[in-house]
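Visitor: Have a look at this one before I ask anything.
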Amino acid sequence: MSKVVRAIDVGFGQTKFTLGRGEGSAAELRCASFPSLAYTSMKDPGAGSAGDRRKTVALPIGGTYYEVGPEVQLAADNYRATQLHDQYLGTPEYLALARGAMSFMKLDAIDLLVVGLPVSMFQARRAQLERLMTGSHDLGRGRSVTVRRAVALAQPQGALVFYTAACHKGRTIGQEQSLVIDPGSRTFDWLFSRGMRLVLKVSNSVNRGMSDILKTVAQEIGSDIGRPYHDLPAIDAALRTGKPLLIYQRPYDLTPILPTVRTVARAAVSSMMEWITEDYSIQNIILVGGGAFMFKDAVRAAFPNHVVQSLRDPMYANVKGFQIAGENLLTQAGEAPEAADVPAT
């Protein structure tokens with residue numbers, strides 16, 4: 001009987017998760033995501049009228065409901081409910097985001113769940129995260145899901161697995177050295193590997209991610225308009241799409257701010273380069289993560305003699321690799337992962 005494998009990557013900015021594989025010969029991995037925001041209430045906010053429903057779920061944890069999901073911004077108040085600190089893993093918000101991802105999977109049981117951690121937290125928090133994810137999870141309204149086994153990986157390890165599969169490197173990767181660079185919302189992670197084995201002494205994270213870039217832009221805007229500016233999602237959307245940021249109904253030109261923004265990316269890359277002393281021996285440099293588009297120039301400048309590989313949908317590279325790693329673990333154990341799955345509606 002086939003086993004159900006799923007993957008979740010709870011990031012500081014986005015929570016990504018897999019929904020299994022689609023049908024057909026290609027059997028593409030299907031993924032989804034929602035903002036890593038959780039808003040609290042004493043009652044289930046979805047229990048009201050059907051006309052007021054939004055695409056969120058409310059998870060009961062410790063006597064409080066935590067609302068998460070793609071339309072969580074509709075639940076927002078004046079407080080932006082982010083958790084950008086090293087104790088994130090131990091918060092009810094983290095658990096709510098992970099359970100929210102499980103809820104959208106629409107499963108009663110998961111045989112193997114693969115999850116991720118920033119590189120700097122991996123050794124210290126791996127066992128804690130695996131315990132947190134294993135067992136029965138209350139999803140609210142009488143629903144629950146049982147996770148029979150959980151495995152935690154360093155987040156860029158997932159990208160390395162996905163790169164190996166997507167670029168058909170299975171026969172050669174074992175003899176190559178690779179550097180995976182993963183700019184996320186809060187952390188700038190890098191992973192150095194020999195073959196598929198993580199070299200921890202050369203891998204690490206620094207707290208210089210997209211949130212620092214967005215805050216830098218917001219501070220510059222605030223200085224210009226004469227009052228604090230806090231709409232970080234609007235800045236993020238403008239930077240990603242190239243569309244104008246609207247302030248007071250008028251387009252606001254971000255071009256003069258970009259040189260200041262680039263200093264944040266260069267600082268993160270400079271921190272990494274203190275650890276990467278023998279770059280001439282690296283065969284693969286892979287840039288992934290939701291912040292890849294803002295860090296690519298700084299990364300390429302740091303490695304002028306290399307080709308920096310970019311993957312399609314870099315935000316999902318880690319979680320796709322988690323899914324593949326989980327399927328490989330079952331196959332190696334002589335168990336059959338599901339070939340294709342369409343969750344119940």
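Visitor: Select from GLU93, GLU28, GLU130 the residue whose mean-square fluctuation is largest in a Gaussian network model of the chain (Cα-Cα springs shorter than 10 Å).
Guide: Comparing GLU93, GLU28, GLU130 in the GNM, the peak value goes to GLU28.
Visitor: Could you work out the Kirkwood radius for the range 179-244, taking every pair of different alpha carbons, averaging 1/r and inverting it, reported in Å?
Guide: Across the range 179-244, the inverse of the average 1/r is 13.8 Å.
Visitor: Quick query: amide H of VAL151 versus all other amide H atoms, modeled in the peptide plane; which residues come in under 5 Å with a sequence gap of 5 or more or a different chain?
Guide: Those qualifying (amide H under 5 Å, at least 5 residues apart or on another chain) are LEU113, VAL114, VAL115.
Visitor: Tell me which lysines have Cα within less than 27 Å of LYS3's Cα, excluding those fewer than 8 residues away on the same chain?
Guide: Result set, ordered by chain and number: LYS16, LYS106, LYS169, LYS320.
Visitor: When only alpha-carbon atoms count, how far does the chain stretch along each of its three principal axes, as whole angstroms with the largest first?
Guide: 55, 54, 39
Visitor: Net charge near GLN157, counting Lys/Arg +1 and Asp/Glu -1 over other residues with Cβ under 14 Å of its Cβ?
Guide: +1
Visitor: For the range 281-302 and the range 228-246, what is the centre-to-centre distance using only Cα atoms, to the nearest Å?
Guide: The distance from the Cα centre of the range 281-302 to that of the range 228-246 comes to 23 Å.
Visitor: Please work out whether the range 225-345 counts as rounded, prolate or oblate from its C-alpha gyration tensor, where a ≥ b ≥ c are the square roots of the eigenvalues and a/c under 1.5 means rounded, while otherwise a/b larger than b/c means prolate and anything else oblate?
Guide: It comes out oblate by the Cα gyration axes.
Visitor: Continuing with this model, one more query. Just flag the trypsin sites (Lys or Arg not before Pro) in the range 253-321 sitting in loop per DSSP whose Cβ has no more than 13 other Cβ atoms within 10 Å.
Guide: Passing both the DSSP loop test and the Cβ count: ARG312.
Visitor: Just the accessible area per residue of the chain, please: how many Å² with a 1.4 Å probe?
Guide: Per-residue accessible area for the chain comes out at 48 Å².
Visitor: Follow-up question, since we're still on this one. Give me the percent of accessible area attributable to carbon and sulfur for the chain, probe 1.4 angstrom.
Guide: The C+S portion of the solvent-accessible surface of the chain is 49 percent.
Visitor: Further question on the same structure: Out of the range 266-345, which chymotrypsin sites (Phe, Trp or Tyr not before Pro) are coil in DSSP terms and have no more than 15 other C-beta atoms within 10 Å?
Guide: Those satisfying the criteria are TRP275.
Visitor: Need one number: % antiparallel among DSSP beta bridges in the chain, to the nearest 5.
Guide: 65
The values are calculated or read from the model by the stated rules, or taken from the named source; none is laboratory data. Not measured: the values here are computed from a predicted model. All Cβ positions, glycine included, derive from the backbone under ideal geometry; neighbour counts span all protein chains shown. Please note that ligands, DNA and RNA were not included when accessible areas were found on the heavy atoms of the full protein model with its side chains. Shrake-Rupley method; radii C 1.70, N 1.55, O 1.52, S 1.80 Å.
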